[in-house]
Amino acid sequence: MTEVAKKSSVEQAIRPPRSQWWDVWDQFKTHKGALVGAAFFLFIVLAVIIGPYIWHIGYETIDIRARNQAPSFAHPFGTDQLGRDTFARMLKGGQTSVAVGVTAMALSLVFGTFIGVVAGYFKKLDGPLMRFTDLFLALPLLPLLLVIIMLFRDPLRAAFGPESGIFILIVFVIGITSWMQTARIVRGDVLALKEREFILAARSIGTPNRRMITRHLLPNVLSPIMVSATLGIANAIITESALSFLGLGFPSDFPTWGRLLFDATDYLQQYPERVIWPGLAISLTVLAVNYIGDGLRDALDPRIRGR
Amino acid sequence: MFDTSAPARKLVEVRDLKMHFPIYAGVFRKQVGEVKAVDGVSFDIFEGETLGLVGESGCGKSTCGRAILRLYDITDGSVVIDGVEIGHTPQSALRKIRPTMQMVFQDPQASLDPRMTVASIIGEPLMEHGNLSKAARLDRIYELMDAVGLNRNFANRYPHEFSGGQRQRIGIARALALNPKFIVCDEPIAALDVSIQAQVVNLLEGLQKKLGLTYLFISHDLSMVRHIADRVAVMYLGKVVELAPRDDIYATPKHPYTVALLSAVPDPDPNSEEVVERIILQGDVPSPSNPPEGCNFCTRCPNVLPICHHEEPKFEEVEPGRFVACHLFGDRKREASEEPETQ
């Protein structure tokens, strides 16, 4: 008995430290909401990527005799006022919405985190960078968007084609107008972390600044970054719909969830289901992403892990 | 000037070390003054010895320790460690010298990155210096964990899963990783309870014997310093007031501040504890941003002389190996006749 115990402890002793990501995954699995959220998000992503190839009705097919139909087997989500299949348009629209949401969030996150970390860590850059952030916070968003889109829409369209040109423009516009919150939160956290003793300990070892940031600061500011990331996706999807609504976004016949939502508001009283589909899709995606973020934040914090 | 008959080599030479922190105030953040946390400290540490650095809270002990390791950019003075002058070397160039000198921190909770495993904490110095393969690094990490008495199975755990004493062992293992010669122990036992203090101190002593380490042991625990240190330096308001071999300083303290400090140490013997005469200092420690003219201790010294208020005492060797900064001793014997009882 004791020998067996001794043997197993010896075996354990030579077990090398395993990658931290396995611990993260183990903890992530215990968060039911996060698992469901991840599964649902994966489902949405797969559906909008593969769906348009499988579903037999094209998103631009106009069948004027079948217009304004209620949900049926032929048209699971019904049809719109031109007889286009709403399900096909939802799938195609999801492609753009999810892509815009994720890319714009990633852009604003990377930019915001970079500004925040640099401003918090390097004292000399703190003032200029934070004033720069304040400048962006003080800019009135809509006039700025109008000007940017007026100035750059046509060159980008010419360069990348109408749809990807607008995609790049929208992602960029949403990205550069939403990084400020992340930057401020990250800067605040970095300022607090910088005074902790483990940073001093790392300095006494001779860790250079760049590795100080990547090894000690970034992992420790991950929680607030995670939260603003999940909120950022929702924000980006909604901003995109607002832009489309104002006629500044994608062309009016090009479906996105926001576009479908705003088109359907005209028929809110006659055909309420048309508002419900894109609304539901946006809310559920945002909810799923929030749960994923919640689970990830818990999983990445070793103090919470294993509880 | 300094004791040359010592058999050991000087590993650390600190000369006139000054660390002043600027105070900014007002709308334009103008510098209105400075906190003289360390104000002209000189001492040597010989190879293989432990120098205890004691003093009350806020007297600049920790700042002094950190300044010696150049964790701060020092205001003035020179620090020579292992024959290399590092007082004003830029931080980037210091990187190569860092392995010689390491530090054990006061708060074992705060000094370990909560997001890193024990293996990666101890392995960090190995990653930074030297190019061990992954397997060799792991071997070294296990070796270090054995040396400080940590179970190898703990390698994958995170700092929050450990007790204070174990965390301090992790900190010590990290400090040892690069085979340093000189370790600054910045109150390594202050945050631990008494039973663990003994363990950690014994561990430090054992490692010193085995690896031939040199310690600067910063503490406010006078009995612990008496146990571990070979020589003791007493700091008051940013200055070293007395430096002497341990037995001498505990038996016959010279500087009035040392006398008062040592009289506060409780005695475990109830009989002698009752008769012991405590010297209660009057008043508060002056602000380090505005120290008094002359001797820093003149506002509270029970044996103050007129000269103390306008002339700063020199830090001089009054007996072989004993240094005191006080007008009552040293060359200024002209007032020796009225020397009060400072035994």
Any residue that is more than 12 Å from chain B (Cβ to nearest Cβ) and either under 26 Å from the mean Cα position of the chain (by Cα) or within 19 Å of residue B:128 (Cα to Cα) (or both) - is there at least one of those in region A:193-203?
no
Those residues of region B:282-299 that are in contact with a Gly (Cβ under 8 Å, 6 or more places away or on another chain), touching a residue at least 24 places away in the same chain (Cβ under 8 Å) and not aliphatic (A, V, I, L, M) come to a total of 5
Residue A:252 vs (1) within 14 Å of chain B (Cβ to nearest Cβ); (2) without any contact (Cβ under 8 Å) to a residue 12 or more places away in the chain: all pass except (1)
Taking region B:106-128 and keeping only residues that are over 22 Å from residue A:221 (Cβ atoms) and within 7 Å of chain A (Cβ to nearest Cβ), one is left with B:119, B:125
Among strands (runs of 3 or more DSSP E) entirely inside region B:1-120, those with 1 or more residues being closer than 27 Å to residue B:292 by Cβ are B:10-25, B:30-46, B:50-54, B:76-81
When region A:210-240 is checked residue by residue, the ones that are closer than 23 Å to residue B:125 by Cα and at the interface with another protein chain (Cβ under 9 Å from one of its Cβ atoms) are A:211, A:215, A:216, A:219, A:220
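Results for (1) aliphatic (A, V, I, L, M); (2) within 14 Å of chain A (Cβ to nearest Cβ), shown as yes or no for each residue.
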residue: B:68; (1), (2): yes, yes
residue: B:72; (1), (2): no, yes
residue: B:81; (1), (2): yes, yes
residue: B:88; (1), (2): no, no
residue: B:103; (1), (2): yes, yes
Filter region B:144-177 for residues that are assigned to a loop (DSSP other than H, G, I, E, B) and crowded, with 20+ Cβ neighbours inside 10 Å; the one that is nearest to the other protein chains (Cβ to nearest Cβ) is B:158
Picking from B:45, B:141, B:81, B:68, the residue that is modelled with pLDDT of 85 or more, surrounded by 22 or more Cβ atoms within 10 Å (Cβ to Cβ) and over 30 Å from residue B:315 (Cα atoms) would be B:141
Kindly indicate whether any position in region A:266-274 is closer than 18 Å to residue A:221 by Cα, assigned to a helix (DSSP H, G or I) and in contact (Cβ under 8 Å) with a residue 40 or more places away in the chain. no
Residue hits (region B:272-314; of a type in the set (A, V, I, L, M, F, W, C), part of a loop (DSSP other than H, G, I, E, B) and surrounded by 15 or more Cβ atoms within 10 Å (Cβ to Cβ)) are B:281, B:285, B:295, B:297, B:298, B:301, B:304, B:305
Residues of region B:189-217 being farther than 19 Å from residue B:98 by Cβ and within 14 Å of chain A (Cβ to nearest Cβ), in sequence order, are B:190, B:191
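The values are calculated or read from the model by the stated rules, or taken from the named source; none is laboratory data. Owing to the predicted nature of the structure, the values given are computational and were not obtained by experimental measurement. Backbone-built Cβ (ideal geometry, glycine too); neighbour counts: all protein chains shown.
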